[in-house]
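Beneath this line is the structure, given in structure tokens, with notes to follow.
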Amino acid sequence: PGFGGQSFLPEAADKVARIRRMIEGRNIRIEVDGGITPETAPAVITAGADVLVAGSSVFRGGSSAYAANIAALRSAGREDKDV
């Protein structure tokens, strides 16, 4: 993805897993940006992502929906990760 609102690329989870294996044992965090939603977050977290960037899925529905959108993302991830 190159701009807001684009779809998640499923192959990104495979790339994250490969990078996680390459940096194993090092204090390096992996951040994923692009198509992160409550539905796609679990795949990249399971693959080894530490930080997720979510734009469109947070801002969808206007300011009255922000808190619920963020809560949905957090519940899709593990508590020990930054979501």
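Computed values, structure above
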{"read-out": "Any hit, segment 17-39, residues being open to solvent by less than 20 Å² (accessible area, probe 1.4 Å), modelled with pLDDT of 95 or more, of a type outside the set (D, E) and assigned to a helix (DSSP H, G or I)", "value": "no"}
{"read-out": "Residues (assigned to a helix (DSSP H, G or I) and either at pLDDT below 95 or not small (G, A, S) (or both)) located in segment 44-64", "value": "V44, I45, T46, S56, S57, V58, F59, S63"}
{"read-out": "Criterion (in contact with a helix residue (DSSP H, G or I) (Cβ under 7 Å, 6 or more places away or on another chain), closer than 18 Å to N69 by Cα and not acidic (D, E)) met by exactly one of I36, I45", "value": "I36"}
{"read-out": "Where Q6 falls short, out of the listed (1) in contact with a helix residue (DSSP H, G or I) (Cβ under 8 Å, 6 or more places away or on another chain); (2) assigned to a loop (DSSP other than H, G, I, E, B); (3) open to solvent by less than 90 Å² (accessible area, probe 1.4 Å)", "value": "(1)"}
{"read-out": "Matching entry among A43, A47, A72, A68 (being open to solvent by less than 30 Å² (accessible area, probe 1.4 Å) and small (G, A, S))", "value": "A47"}
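The values are calculated or read from the model by the stated rules, or taken from the named source; none is laboratory data. Everything numeric in this text was worked out from a predicted model, so none of it was measured. Note that each Cβ is placed from the backbone with ideal geometry, even for glycine, and that neighbours are counted across all protein chains shown. Areas reflect the complete protein model, heavy atoms only, side chains present, ligands, DNA and RNA absent. Shrake-Rupley method; radii C 1.70, N 1.55, O 1.52, S 1.80 Å.
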